[in-house]
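S.K.: Sharing a structure here in structure tokens format.
The values are calculated or read from the model by the stated rules, or taken from the named source; none is laboratory data. Since the model is a prediction, treat every value here as computed from it, not as a measurement. Methodologically, a virtual Cβ is constructed for each residue, glycine included, from the backbone with ideal geometry; neighbour enumeration extends over all protein chains shown. The accessibility values were calculated without ligands, DNA or RNA, using every heavy atom of the protein model including side chains. Shrake-Rupley method; radii C 1.70, N 1.55, O 1.52, S 1.80 Å.
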Amino acid sequence: MKLAITDMISNSYFPAIAAIELGFFKQEGLDVALEMIYPVDKCYAAMRDGAVDFVGGSAHSALSAFAEWQGVKLLGAQAQGMYWFLILHKDFGAKRGDISAVKGKSIGAAPWVEMGLRRLLQEAGIDLVRNNVRIAPVPGMQGAGVNFGVTAARAMEERKIDGFWANGMGAEVAVRRGVGTLVLDVRRGDGPKPCFNYTMASIATTDRLIKESPDAAAAAVRALVKTQKALKQDPTLATGIGRKLFPPSEAELIAELIRRDLPYYDPTISPAFVDGMNQFVRDVGILKGQVPYAQVVATQFSKAWAG
């Protein structure tokens, strides 16, 4: 079986990576290989087309390949809340929480990820046209296998962009290098309150797989839960995985980033989250209808969230 993620050198989808590397999929009887596919809509297209079995990505992005939540289900959360950070170049002197600092700036963001930033800014009263906020892909992201956050940090350092909206690894690299300032961290309270439930890092699969291999879907949920528990008990497990898969500098950062994320390691996908996400995707025009919770979440496996 294959599990696709869209960003490797990152904390965002680390539970999915760790479920493979720590052997929890194998414990549950699944032979799962990791595949990196960029951007995230191509992950979901690959799953729709049968090339991969699971996607560990942003939950709302499932709609890129499964209109109106038809044919796909979320199995569990890798972590709660929208998990991207807004970083601006330090020369702008932006302050934490000052959303108005984006005015007149060029912000790099990945496809489908950028939707979260656009809607956040609109909720905060920023008019992207009137306030001349330019949100676009980061230069240099065309190559397969390139990490988004680290590439975005480099592009900002080279002044190709004024800032970026990306994962915690990219944010940490930019701040530690002294070139970036953290402006927004939605998970930890920055930005309008509804933004927390715009999306989350989830594990998704198809209705087809659930119908044909329900035991495999259930096993994937159990593997996710075991992985979160293991990392909560010992975040330093992340370092060994990082040293295997990441460049040396990022490998030494990953355990600290995972430690910070542990309060959000809960596999539950709540009705409140689905309501918030579906309102967001209606607001940005990628969902039309009122879709019930059970059409979005594979509720038959929800008891496994408790471990």
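S.K.: If I take the Cα coordinates of segment 47-105 and project them onto the principal axes, what are the three extents in Å, biggest first?
M.R.: So the extents along the principal axes, rounded to whole Å, are 47, 23, 20.
S.K.: A further question follows. For the chain, what does the accessible surface come to per residue with a 1.4 Å probe? Please give it in Å².
M.R.: 39 Å²
S.K.: Mind listing the long-range amide H neighbours of VAL52? Cut-off is under 5 Å, sequence gap 5 or more, other chains count too, H placed in the peptide plane at 1.01 Å from N.
M.R.: For VAL52, the qualifying residues are MET47.
S.K.: Can you list the residues, at least 5 places off or on another chain, whose amide H is less than 5 Å from the amide H of GLY57, using H built in the peptide plane?
M.R.: SER202, ALA204
S.K.: Here's another thing I want to ask about it. Name the aspartates and glutamates eligible as straight-distance cross-link partners of LYS211: C-alpha to C-alpha under 17 Å, and not fewer than 8 places from it in the same chain.
M.R.: Correct list for LYS211: ASP49, ASP53.
S.K.: Could you run the Karplus curve 6.51 cos²θ - 1.76 cosθ + 1.60 with θ = phi - 60° over segment 173-179 and give me ³J(HN,Hα) per residue in whole Hz, x for Gly and Pro?
M.R.: Values, residue by residue: 4, 5, 5, 5, 6, x, 10 Hz.
S.K.: Next question. In whole percent, how big is the carbon plus sulfur part of the accessible area of the chain, probe 1.4 Å, protein atoms only?
M.R.: Carbon-and-sulfur percentage of accessible area, whole number: 50.
S.K.: Roughly how much of VAL175 is accessible, in Å² to the nearest 10, using a 1.4 Å probe?
M.R.: Approximately 70 Å² for this residue.
S.K.: Using θ = phi - 60° and the Karplus form 6.51 cos²θ - 1.76 cosθ + 1.60, what ³J(HN,Hα) does each residue of segment 253-269 get, whole Hz, x for Gly and Pro?
M.R.: 8, 5, 4, 5, 5, 5, 4, 5, 7, 4, x, 9, 7, 9, x, 5, 10
S.K.: If you don't mind, another one. Count the DSSP beta bridges whose two residues both fall in the chain, then state the antiparallel fraction as a percent rounded to the nearest 5.
M.R.: So the antiparallel bridges in the chain amount to around 60 percent.
S.K.: I would also like to ask the following. Which one of LEU128, LEU30, LEU74 has the biggest mean-square fluctuation once the chain is modelled by GNM with Cα springs under 10 Å?
M.R.: Highest fluctuation of the listed residues: LEU128.
S.K.: A further question on this structure: Can you compute the FRET efficiency between ASP215 and GLU68 using 1/(1 + (r/R0)^6), with r the Cβ-Cβ distance and R0 = 25 Å? Round to the nearest 0.05.
M.R.: Values: r = 28 Å, r/R0 = 1.11.
Plugging the Cβ-Cβ distance into 1/(1 + (r/R0)^6) gives 0.35.
S.K.: Find the lysine pairs in segment 17-134 meeting two conditions, Cα atoms under 20 Å apart and a separation of 8 or more places or different chains, and report how many there are.
M.R.: Count of close lysine pairs: 5.
S.K.: When a/c reaches 1.5 or more, the comparison of a/b and b/c decides; with that in mind, is segment 170-307 rounded, prolate or oblate per its Cα gyration tensor? All intermediate terms of the calculation are to be shown ahead of the outcome.
M.R.: Working: a/c = 2.27, a/b = 1.27, b/c = 1.79.
Verdict is oblate for segment 170-307.
S.K.: Further question on the same structure: Kindly write out, for segment 17-27 in residue order, the coupling ³J(HN,Hα) from the Karplus curve 6.51 cos²θ - 1.76 cosθ + 1.60 (θ = phi - 60°), rounded to whole Hz, with x marking Gly and Pro.
M.R.: Along segment 17-27, the couplings run 4, 5, 4, 7, 5, 8, x, 6, 4, 4, 4 Hz.
S.K.: With the calculation restricted to Cα positions, what are the radius of gyration and Dmax of segment 255-294 in angstrom?
M.R.: 14.1, 41
S.K.: Related question: Could you identify which residue out of ALA59, ALA136, ALA220 has the top mean-square fluctuation in a GNM of the chain using Cα springs shorter than 10 Å?
M.R.: Of the options given, ALA136 has the highest mean-square fluctuation.
S.K.: Compute the helix-to-body angle for 271-283: its Cα long axis versus the longest principal axis of the chain, expressed 0 to 90° and rounded to tens.
M.R.: That works out to roughly 50 degrees.
S.K.: Per-residue ellipticity at 222 nm for the chain, helices alone: DSSP H runs ≥ 4 residues times -39500 (n - 2.57), over residue total, nearest 500 deg cm²/dmol?
M.R.: -10500 deg cm²/dmol
S.K.: Also, I was wondering about something else. Would you mind checking which residues have amide H under 5 Å from GLY76's amide H? H placed 1.01 Å from N; only 5 or more apart, or other chain.
M.R.: ILE203
S.K.: Moving on. Of ASP162, ASP49, which has the most accessible area and how do the rest follow, probe 1.4 Å?
M.R.: Descending accessible area places them as ASP49, ASP162.
S.K.: Additional query: Would you mind checking the tilt of helix 214-233 against the longest principal axis of the Cα atoms of the chain, expressed as 0 to 90 degrees and rounded to 10?
M.R.: 50 degrees
S.K.: Going out from 0 in 5 Å bins, what whole percent of all Cα-Cα distances in segment 231-272 drops into each bin?
M.R.: Going out from 0 Å in 5 Å bins, segment 231-272 shows 5, 25, 24, 17, 14, 7, 5, 3, 0 percent.
S.K.: While we're on this one: At 20 °C and a viscosity of 1.002 mPa s, what translational diffusion coefficient does Stokes-Einstein give for the chain, taking Rh as the Kirkwood radius over Cα pairs? Give it in µm²/s as a whole number.
M.R.: 112 µm²/s
S.K.: Then there's this: Highest GNM mean-square fluctuation, the chain, Cα pairs closer than 10 Å: which of LYS90, LYS211, LYS42?
M.R.: So, out of LYS90, LYS211, LYS42, the one fluctuating most is LYS211.
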